[in-house]
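Reviewing the structure listed below.
Every number here is computed from the coordinates shown, using simple stated rules; none is lab data. What you are looking at is a predicted structure, and each value in this text was computed from that prediction instead of being measured. All Cβ positions, even for glycine, are placed from backbone atoms using ideal geometry, and neighbour counts span all protein chains on display.
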Amino acid sequence: MKVRKRSIMFAVLILVIFTILPLYSQSVIPQEYLRAFLSQGFNLVDLVSKIAFIGLVMSILILLKGFFEKTSVTYLALSIVSTVFWLLIVFFALGVGKMENLGLTVISSEAGGVSNSVIFDLRLFAYLATVITGLKVVHSILKFRQAKSKVTQVQPSQPLDTTN
Amino acid sequence: MKNMNRIKALRLGIIGFEVLTIALCLLSIYTLFNALSTAISGGTMNLNLNKDESTGEWRFVLNGNPKNTGFLGVTLFFEVAILDLSGQDIARNSTSVYIPAGGANQFSLSLNIPPDVVPGGNLEEAEGYFELRFSVRTLGDLVGFTNILRIGGEAAP
């Protein structure tokens with residue numbers, strides 16, 4: 001089974017940027033800063049762990065895509081999964097680590113009888129990213145159908161194996 | 001061939017849409033932070049708290065002339081409230097002001113605090129909460145930042 005070199009390189013790059021570097025930087029940041037962020041309602045350790053996990057999943061998806069031909073159904077499925085995963089990353093970034101908030105971030109802290117809440121409303125961009133993801137999925141399907149029809153035109157007599 | 005052009009057009013459309021979304025996101029965030037830093041900078045706001053000795057009523061007045069040095073127009077919203085210990089409103093007032101890109105606009109917000117809320121006449125000894133809500137919205141009020149500050153005794157149930 002052949003693996004595209006580009007996929008390996010890209011997967012390694014994503015792994016280094018999103019997983020290895022954040023995990024390394026976490027060990028470099030002084031504990032006092034981490035505690036200070038936590039007291040302000042912002043869990044930096046949790047955020048870094050989530051970024052590292054996202055990087056790992058993303059690099060696996062990219063690597064897997066490199067195993068399959070563009071005409072295979074698996075490639076199409078992986079393309080759609082990675083597109084949806086990018087959307088989750090956008091939700092994650094807009095929600096400052098909380099993708100379930102869909103772009104509405106609330107950071108609260110309380111000390112000495114004073115409570116402070118900060119709310120970022122970036123839901124518009126979460127909606128726009130959802131529309132873009134929908135269009136990208138349609139594009140992936142159209143590209144797959146085009147690649148498949150091209151193969152059929154080249155080899156009309158041979159049966160196509162689209163299982164892998 | 002026709003199909004190929006359609007796919008290409010869709011791809012270009014998606015790229016254009018992505019670029020536009022990223023540009024709008026960056027512009028909005030820049031404008032929000034710009035408006036925030038201008039609003040809280042010295043000299044932009046003037047806060048007064050005076051007591052009317054004849055009635056015993058306290059008067060909170062917030063005047064401002066914030067500027068908007070961002071690329072998009074912003075709407076600033078200010079709200080002040082006095083709440084009792086159960087979190088119920090005693091007095092509340094709000095105002096909003098639109099500031100075009102590169103412009104400035106004045107606003108004034110006042111709140112009268114009834115004397116029965118301040119039994120001893122000393123505001124620091126009064127029971128209850130003081131709440132200040134400040135919000136900046138841009139891009140047709142679709143994107144925003146809100147800060148709610150509550151100062152007081154025990155948390156409301």
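Normalised by the number of residues in chain A, the mean separation of alpha-carbon contacts (under 8 Å, six or more apart) gives a relative contact order of 22 percent. Among A:Leu78, A:Leu128, A:Leu104, the residue with the largest mean-square fluctuation in a Gaussian network model of chain A, with springs joining Cα atoms closer than 10 Å, is A:Leu128. Panel order for B:Trp58, A:Trp86, by other beta carbons found within 10 Å of each beta carbon, from fewest to most: A:Trp86, B:Trp58. The charge dipole of the protein assembly as shown, taken about its Cα centre with unit charges on the Cβ of Lys, Arg, Asp and Glu (plus for the first two, minus for the last two), comes to roughly 3240 debye.
In the calculated pair-distance distribution of chain B, the portion above 18 angstrom amounts to 66 percent of the Cα-Cα pairs. Estimated translational diffusion coefficient (Stokes-Einstein, Kirkwood radius over Cα pairs, 4 °C, 1.567 mPa s) of the protein assembly as shown: 54 µm² per second.
Helix A:44-65 and the long axis of chain A differ in direction by around 0°, with both axes built from C-alpha atoms. With 18 Å as the limit on Cα-Cα distance, the pairs of A:Lys65/A:Lys136; A:Lys70/A:Lys150; A:Lys98/A:Lys136 that go past it are A:Lys98/A:Lys136. Dipole orientation for chain A: of the candidates A:Ala126, A:Ser108, A:Val137, A:Val137 has the Cα lying most toward the positive pole (charges on Cβ; Lys, Arg +1; Asp, Glu -1).
Placing unit charges on the Cβ atoms only, positive for Lys and Arg and negative for Asp and Glu, gives the stretch A:69-151 a dipole magnitude near 680 debye about its Cα centre.
For peptide A:121-132, the mean count of partner chain Cβ atoms within 10 Å of a residue's Cβ comes to 5. Once C-alpha pairs closer than 8 Å and six or more residues apart are averaged by separation and normalised to the residue number of chain B, the relative contact order reads 22 percent.
The charge dipole of the stretch B:2-152, taken about its Cα centre with unit charges on the Cβ atoms of Lys, Arg (+1), Asp and Glu (-1) only, comes to about 1520 debye. Dividing the Cα radius of gyration of chain A by 2.2 N^0.38 Å, with N the residue count, gives 1.37. As a rough guide to protection, the peptides A:12-18, B:141-147 ranked by mean Cβ packing within 10 Å, highest first, stand as B:141-147, A:12-18. Considering only B:Pro115, B:Gly102, B:Ala35, and ranking their Cα positions along the charge dipole of chain B that arises from unit charges at the beta-carbon of Lys, Arg, Asp and Glu, the one farthest toward the positive end is B:Gly102. Across the options A:Leu63, A:Tyr33, A:Val73, the greatest Cα extent toward the positive end of the charge dipole of the stretch A:8-98 (unit charges at beta carbon of Lys, Arg, Asp, Glu) belongs to A:Val73.
Dividing the summed -39500 (n - 2.57) terms of all DSSP H runs of n ≥ 4 by the residue count of chain A sets its mean residue ellipticity at 222 nm at -21500 deg cm²/dmol. Going by neighbour counts of Cβ atoms within 10 Å, the residues A:Met9, B:Met45, A:Met58 line up, fewest first, as A:Met9, B:Met45, A:Met58. Evaluated at q = 0.14, 0.17, 0.19, 0.21 Å⁻¹, a Debye calculation over the C-alpha positions of the stretch B:26-112 (equal weights, vacuum) places log10 I(q)/I(0) at -0.58, -0.76, -0.87, -0.97. Taking every DSSP helix (H) stretch of at least 4 residues in chain B, weighting each as -39,500 (n - 2.57) and dividing the sum by the residue count yields a mean residue ellipticity at 222 nm of -9000 deg cm²/dmol. Once the Cα atoms are used to define both axes, helix B:2-39 deviates from the longest principal axis of chain B by about 20 degrees. Cβ-to-Cβ counts within 10 Å put A:Leu56, A:Leu122 in ascending order as A:Leu56, A:Leu122, the fewest first.
When the Cα centres of the stretch A:15-39 and the stretch B:1-68 are compared, how far apart do they sit, in Å? After rounding, the separation between the Cα centres reads 30 Å.
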